[in-house]
Amino acid sequence: MIARFDYIAAVILFSIGLYALVVKPNLIKKLIGLNIIETSVYLFLIASGDVRLGIYTNQWAASNVIDNPQRAVQGLEPMINPIPSALVLTAIVVSVCVTAIALSVVVKLYQHYGTLDAREIASLKG
Amino acid sequence: MKRSVAVILFAVFAVCMIVVVLHLYPVGDPRLPGYADFIPAEIPSEEIPRRADSVATYYNRNSARDVGGTCVIASVILDYRGYDTLYEATVLFTAVIACLALIGKDHHHE
Amino acid sequence: MNNSLIVKVVSQKMVPFIIMLGASIILHGAATPGGGFQGGVVIGAAYILFALGIDAKTARLRLPVIKVKIVESAGVLIYAFTGLGGILLGSNFLANKIVLFPPQGEPGGLFGGGTLIPITIGVGIHVACTVASLYYAFVEYEGEPKPDKETE
């Protein structure tokens with residue numbers, strides 16, 4: 001349970017974000033929920049590429065990753081997987097784009113309908 | 001009433017996902033598919049699929065030689081996957097243009 | 001804007017230091033964690049702080065929108081032309097070590113990455129101007145005149 005704490009935190013964040021995305025009628029709150037979901041996905045991806053020293057051996061725990069990059073390059077020291085981190089960097093930028101466009105659409109919706117409530121907007125016409 | 005039903009529904013959803021997640025390997029386990037290259041001696045080697053030739057291992061060991069930067073992640077996103085980052089900048093540019101087209105103000109007539 | 005004097009003065013005095021932090025993050029993108037996107041966001045946040053401290057129109061006089069758009073496009077073009085350097089020297093797009101363009105420094109140093117440094121600077125400029133122009137777009141939006149209800 002403790003060893004998988006990052007995954008569990010990601011799942012809880014995902015549930016909170018999905019709750020906000022589905023239940024809340026306010027469009028801004030829906031966007032906040034979407035961002036929380038994205039954050040949980042980042043957490044899950046980075047945790048899946050992480051190195052946790054000392055889970056298995058004491059000798060592994062005693063090794064230091066950062067102080068000796070030469071040994072890490074030679075494969076003698078653990079290094080984290082760089083690919084999830086790189087993908088998350090890409091995903092953050094895409095999330096910023098999605099949030100910006102969605103916010104501008106919300107601004108236009110508010111200016112047109114005069115409300116941010118999704119139920120009212122769905123019930124109104126034109 | 002409605003809100004409590006929704007809260008219970010999403011709590012059940014979270015519990016289901018937690019049950020799934022508890023079946024994964026722990027964080028930092030070398031048997032994880034996202035794990036890079038280091039294999040401790042305590043784990044029998046037949047449990048570990050061949051990871052020594054994975055692309056993450058290649059990046060970790062050769063990025064200093066191929067690219068020259070010491071930050072492996074910067075080497076990956078800017079050199080090995082440089083097209084990705086170029087088009088990512090293009091995506092950001094397009095998003096800004098879309099925002100300006102939606103809510104932007106015309107500054108040419110000032 | 002009727003900000004208090006403390007808010008005005010502190011927000012103006014903090015801006016150069018935040019921009020220095022962002023430039024440091026951008027320039028060390030090849031050697032340490034960080035890079036163009038992160039440093040660019042820091043610089044853009046410095047500009048937003050500057051514009052929030054004083055009036056938005058006064059801030060717009062200091063950094064006009066047209067210039068922001070031009071510099072923003074220039075950031076992506078720096079990236080693209082850095083990649084074109086590889087083609088001009090007879091290799092692939094975005095080639096780095098093969099053609100030795102730009103000249104390589106010591107690995108781990110500031111210019112150790114070859115093309116990493118110009119690419120990082122270009123991305124940083126681009127992201128900083130993107131944040132500033134998004135701020136402009138959301139702050140200056142005044143809305144359109146309401147359409148006539150009677151025409152339906």
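The values are calculated or read from the model by the stated rules, or taken from the named source; none is laboratory data. Bear in mind the structure is a predicted one, so any value in this text is a computation, not a measurement. Cβ coordinates were reconstructed from backbone atoms using ideal geometry, including for glycine residues, and neighbour counts include every protein chain displayed. Side chains are part of the model used for accessible areas, which takes the heavy atoms of the whole protein and leaves out ligands, DNA and RNA. Shrake-Rupley method; radii C 1.70, N 1.55, O 1.52, S 1.80 Å.
For the reader, a short list of remarks on this structure follows.
- Solvent accessible area, Å² - C:E72, 1.4 Å probe, full protein context: 10 Å²
- Using a 1.4 angstrom probe on protein heavy atoms only, the contact between B and A buries about 4300 square angstrom of accessible area, both sides summed.
- Other residues within the sphere of radius under 15 Å centred on the Cβ of C:V76, judged by their own Cβ, net out at -2 (K and R +1, D and E -1).
- Accessible area that becomes buried as A packs against C, both chains, 1.4 Å probe, Å², nearest 100: 800 Å²
- Shown for the range C:24-75: the carbon plus sulfur share of the solvent-accessible area, taken with all protein chains present and a 1.4 angstrom probe, equals 74%.
- Residue-averaged beta-carbon neighbours from other chains (10 angstrom radius) around C:112-119: 6
- Where a label projected 7 Å from the Cα of B:Y58 along Cα→Cβ would reach, residues of the range A:81-97 with amide N under 20 Å: A:81-88
- In terms of the mean number of neighbouring beta-carbon atoms within 10 Å, the peptides A:111-123, C:25-37 order highest first as C:25-37, A:111-123.
- Summed over both chains, the contact between C and B buries some 2800 Å² of accessible surface at a probe radius of 1.4 Å.
- In chain C, Cα pairs under 8 Å separated by at least six residues give a relative contact order of 29 percent.
- Taking the chain by itself as reference, the range A:87-105 contains these residues with an accessible-area loss of 40 Å² or more in the full protein complex (1.4 Å probe, heavy atoms): A:L89, A:T90, A:V93, A:C97, A:A100, A:I101, A:S104.
- Inverting the pair-averaged 1/r between distinct Cα atoms of the range C:9-97 gives 15.0 Å as its Kirkwood hydrodynamic radius.
- Peptide B:16-23 is shielded by partner chain Cβ atoms: per residue, an average of 4 of them sit within 10 Å of its Cβ.
- Within 10 Å of the Cβ of each residue in C:134-143, the mean number of Cβ atoms contributed by other protein chains is 6.
- Acute angle (nearest 10 degrees) that the helix C:65-88 long axis makes with the longest principal axis of chain C, alpha-carbon atoms: 20 degrees
- Here the Kirkwood formula puts the hydrodynamic radius of chain C at 17.5 Å, using every distinct Cα pair.
- Percent RCO, i.e. relative contact order, over the range C:34-116, from Cα pairs under 8 Å lying at least 6 residues apart: 13 percent
- Pairs beyond 26 Å (Cα-Cα), from A:K30/C:K69; A:K30/C:K13; A:K29/C:K57; B:K105/C:K67; A:K24/B:K105: A:K30/C:K69; A:K30/C:K13; A:K29/C:K57; A:K24/B:K105
- Förster radius 35 Å - calculated FRET efficiency between C:T58 and A:N26 (Cβ-Cβ, nearest 0.05): 0.60
- Surface accessible to a 1.4 Å probe, C:F50 within the full protein complex, Å²: 30 Å²
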